[in-house]
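To start, the structure itself, in structure tokens.
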Amino acid sequence: MEGVAVVKMATTAHATSRCTSTDGAKKKTPSRLEKQAPSNITSNESASSLKSSVFLVLLALQIGIQPELMKWYAKDATNVSLRITVIGILKILVALVPLVWTGEWRCEFSSWSSRVALRTTVLPALIYSVQDYLNQTAVVILDGVTYNVLNQTKIIWTALLVYVMLGQKQSSVQVVALVVLVASAVLIAVGGQSHDGSQAKSSIEDDVLRVTGMGRAAIAAVLSAFAGTIIQKALQKEARNAYMVTLELSAINIACCVWSNAANRITSSSTSHHDEGAAAAAASLWTGWTFMTFVTLLVQALGGVLVGFVIKYSGNIKKSFAVVGGLLLTAACESVVNETEFGVAGYIATGLATLSTMLYTKFPPTAFAPTPRLRKTEDASASDESTESSSDDEDNPAKRLIPAA
């Protein structure tokens, strides 16, 4: 679940649910008075602009540095299930903070329904569990540029699945952007890294490892798009708080990881007849863990929250600039810090992925609103009063979850 956002889960939009719809209506009434105070409007706009810039920079840093942090500090933590479990716990904490801070947790937990949760989140959570495992194993194998480019291919699969499952078409420019993104993925797969003579001797093993990592990253991108589309389809009928969905996804993900660890320990204990073997297996859970490992996983857990705030204060178009900045930052880290040589194909692939991301986000399909039918004055006024809250829910981004970063 990406940088889920909180839901990659490839991706989460920060929104308000039905519990705060009445509060939102109350907050709209002072807007008439704000028209008489231009200074307040100017200060609010400047504050919003500052928040927008700060969250854009933070998201770009998170996207750009995350693959490098995983290679530097999480690679030695070989127990992948434990890493995913810790990330899930951190996501739960991150999601609980705004719920408690705003006081929404009482209404959300009191109105929580297990049937709605089963209907909307169980299947995507299981898919995200597999995707998280593939991502966690791929990010420590591949260089940051290759991983980020392959991770961006989830846009292709999201566009395809949204069209098949939801009937939403793409604009002509978006189709061109998807073709460009496919070209970048092919270039990064074929071109790869440029090796000198000293590194060429072990190229066979390196190539096998690289192909394995690329395959896992590519499959993870498909699963991320599939799970995100399922959630989007389910939440079109359910106005839910994105943080509550994050809690459910993280809880199911943790349960899957705990079950996996328990099964592995039972298997290892059945094959080992000594207590020393069981003690070694328990100690191996935390082998390679340091303080920076927890910091790295916390940065990943915060990715989904940053995506939500960027969409809230900047919109989806400006979010693409943060993604582009993250791609360029990853390339700079790999080239300068890790001294990785990508060759011409690697740099061209990065440029194509950057271009495709900007084109796809800036040129969405044009939506044509249907012409409303004429009604009687009394019916129209009654309809306006009865549908005011429902129209707010439709505009609420809680109905859709956008894959992370």
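Structure data summary
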quantity: Subset tally (residues that are of a type in the set (S, T, N, Q), assigned to a helix (DSSP H, G or I) and at pLDDT below 90) for the stretch 97-129; calculated: 3
quantity: Residue under evaluation residue 28, criteria (1) at pLDDT below 80; (2) under 17 Å from residue 309 (Cβ atoms); (3) not hydroxyl-bearing (Ser, Thr, Tyr), criterion not met; calculated: (2)
quantity: Filter result for residue 308 (surrounded by 19 or more Cβ atoms within 10 Å (Cβ to Cβ), at pLDDT below 90 and assigned to a helix (DSSP H, G or I)); calculated: yes
quantity: Pairs with Cβ under 8 Å, 6+ apart, first in the stretch 204-216 and in a helix (DSSP H, G or I), second loosely packed, with under 13 Cβ neighbours inside 10 Å; calculated: 206/199
quantity: Residue in the stretch 106-113 that is crowded, with 22+ Cβ neighbours inside 10 Å and not β-branched (Val, Ile, Thr) present; calculated: no
quantity: Which listed residue, of 150, 161, is in a helix (DSSP H, G or I), touching a helix residue (DSSP H, G or I) at 6+ places or on another chain (Cβ under 7 Å), surrounded by 24 or more Cβ atoms within 10 Å (Cβ to Cβ) and hydrophobic (A, V, I, L, M, F, W, C); calculated: 150
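The values are calculated or read from the model by the stated rules, or taken from the named source; none is laboratory data. Treat the numbers as computed from the prediction; the structure is a model and nothing was measured. A quick note on method: Cβ atoms are made from the backbone with ideal geometry, for glycine too, and the neighbour counts reach across all protein chains shown.
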